[in-house]
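K.L.:
I'd like to ask you about the structure that follows.
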Amino acid sequence: MLDLAEELHRWCEERRDFAVATVVRTTGSAPRRPGAALAVDAEGTAIGSVSGGCVEGAVYTLCEEALKSGESRTESFGYSDEDAFAVGLTCGGVIDVLVTPVTGRDERARSVRATLAAALAAANAR
């Protein structure tokens, strides 16, 4: 998610509502590792990726739903390597994705903003 930190920090500063989907666990030949993230704001702008294309549309929809409901949720996506190959997918495995809404004016947004600022400062200090 660090690759999204600068943009998400800006979204927090602008008090945008958004949802972040983060890969929290993988098994098999999943295309991206834990920490990969996709964020969608209330206007529909998306940044990042959780799968390199395999399930981006479904995760985008989960982000929209989280923005509407205000609820976090975890969802699993994937196929066995054999099933993926049979339907023409280049990736197999399973990814578990945590989707978390962040409302621009709630306590969660302040915490996210502070965490992102610290991550950016640490990255810039290297």
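K.L.:
For Ser69 paired with Ala114, estimate the spin-label separation in nm (one decimal), with each label point 7 Å from Cα along the Cα-to-Cβ line.
P.N.:
2.8 nm
K.L.:
Further question on the same structure: When the accessible area of region 1-71 is computed with all protein chains present and a 1.4 Å probe, what percentage of it is carbon and sulfur?
P.N.:
For region 1-71, the apolar C and S fraction of the accessible surface comes to 49 percent.
K.L.:
Let me ask you something else. With each pseudo-label sitting 7 Å past Cα toward Cβ, what's the Glu14-Glu43 distance in nm, one decimal?
P.N.:
My value for the distance between the label points is 0.5 nm.
K.L.:
Here's something else I'd like to know. Over region 1-63, with the other protein chains present, what is the accessible area per residue in square angstrom, probe 1.4 angstrom?
P.N.:
46 Å²
K.L.:
Each label point is 7 Å from the Cα along the Cα-to-Cβ direction; what then is the distance between the points at Ala122 and Arg105, in nm?
P.N.:
3.2 nm
The values are calculated or read from the model by the stated rules, or taken from the named source; none is laboratory data. Everything numeric here is computed off the predicted structure, so don't read it as measured data. Heads up, the Cβs are rebuilt from the backbone with ideal geometry, glycines too, and the neighbour counts pull from every protein chain shown. Each accessible area value is taken on the protein alone, full model and side chains, heavy atoms only, with ligands, DNA and RNA left out. Shrake-Rupley method; radii C 1.70, N 1.55, O 1.52, S 1.80 Å.
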